[in-house]
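The values are calculated or read from the model by the stated rules, or taken from the named source; none is laboratory data. The model shown is predicted, which means the values in this text are computed figures rather than measured ones. Counting neighbours? That spans all protein chains shown, and the Cβs are built from the backbone with ideal geometry, glycine included. We work out accessible area using only protein heavy atoms, side chains counted, and drop any ligands, DNA or RNA first. Shrake-Rupley method; radii C 1.70, N 1.55, O 1.52, S 1.80 Å.
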Amino acid sequence: MVKEAVLNAKAQEVEMIAEDMKNSATIVVVDYLGLTVEEVTDYRKQLRDAGVQMKVVKNTMLRRAAEKAGIEVPEDLFKGPSAIVFSDDVVNPAKISANFAKDNETLEIRGGIVEGQAATKEMIEQVAKMPGREELLSMLLSVLQAPMRNVASVLSQANPAQQMVYALNGVIDKKGAA
């Protein structure tokens, strides 16, 4: 009876991990062995502040969850002490893990899963170099604001009414020529 309850609990945990794997854009598998409690706490805080989760899970459960999620992973990805770092954001798990690994050589990135496909350590490091969601939104906003900025610049000249007439005449000339 007890054995059956334990097996059911493990099956539910595998199901939850598989669901996390399906819903995550990026999963980074790290070897955290050798980090001090303070370092792990700092790492987890950085992850939590960015909306990224970290779980320490047995490798057999990780393999079963990946299989259940329909993700093929290399045999050596889940060997030794493993923790998975995951989020629905593509860049944050990789970026935070790579930056932390630079400062703490004990943390080792083994590889991961990006958009449902197995990724090597090098691929994870490439993802970490990409601009994050916030940076991309900022770039997009800047591009969208440029036309308005240009109109405002024309209107803010010494004689705005005259400048506006020139600008409108230029537009009319272009439209008339087309």
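I want to confirm something. Restricting to the range 99-158 and keeping residues that are in contact with a Lys or Arg (Cβ under 7 Å, 6 or more places away or on another chain) and closer than 20 Å to E75 by Cα, which single residue is surrounded by the fewest Cβ atoms within 10 Å (Cβ to Cβ)?
For the range 99-158, the residue satisfying everything is K121.
Which members of the range 47-66 meet the condition of being more than 16 Å from G111 (Cα to Cα), open to solvent by less than 70 Å² (accessible area, probe 1.4 Å) and in a helix (DSSP H, G or I)?
Within the range 47-66, L47, M61, A65 meet the criteria.
List pairs: first in the range 75-98 and at positive phi, second of a type outside the set (A, V, I, L, M, F, W, C) and open to solvent by less than 40 Å² (accessible area, probe 1.4 Å), Cβ under 6 Å, 6+ apart or cross-chain?
Within 6 Å, the pairs are G80/D31.
Would you check which residues across the range 84-95 are buried (at least 22 other Cβ atoms within 10 Å of the Cβ) and either touching a Phe, Trp or Tyr at 6+ places or on another chain (Cβ under 8 Å) or of a type in the set (D, E) (or both) and list them?
P93
Taking interchain pairs and intrachain pairs at least six residues apart, which have beta carbon atoms under 9 angstrom, with the first residue in the range 10-26 and under 14 Å from Q53 (Cα atoms) and in contact (Cβ under 8 Å) with a residue 24 or more places away in the chain and the second among the acidic types (D, E) and open to solvent by 80 Å² or more (accessible area, probe 1.4 Å)?
Between residues of the range 10-26 that are under 14 Å from Q53 (Cα atoms) and in contact (Cβ under 8 Å) with a residue 24 or more places away in the chain and residues that are among the acidic types (D, E) and open to solvent by 80 Å² or more (accessible area, probe 1.4 Å), the close pairs are N23/D88; S24/D88; A25/D88; A25/E115; T26/D88; T26/E115.
Sort out which residues of the range 22-73 are more than 21 Å from Q117 (Cβ to Cβ) and β-branched (V, I, T), and write them in order of number.
T36, V37, V40, T41, V56, T60
Please indicate, with yes or no, whether at least one residue in the range 71-81 is surrounded by 15 or more Cβ atoms within 10 Å (Cβ to Cβ) and among the acidic types (D, E).
No, the range 71-81 contains no residue that is surrounded by 15 or more Cβ atoms within 10 Å (Cβ to Cβ) and among the acidic types (D, E).
Looking at the range 12-45, which of the residues that are in a helix (DSSP H, G or I) and of a type in the set (S, T, Y) is surrounded by the fewest Cβ atoms within 10 Å (Cβ to Cβ)?
The qualifying residue surrounded by the fewest Cβ atoms within 10 Å (Cβ to Cβ) is T41.
Of all residues in the range 105-125, which are over 15 Å from the mean Cα position of the chain (by Cα), of a type in the set (D, E) and not in a loop (DSSP other than H, G, I, E, B)?
If the condition is that a residue be over 15 Å from the mean Cα position of the chain (by Cα), of a type in the set (D, E) and not in a loop (DSSP other than H, G, I, E, B), then E108, E122 are the ones that fit.
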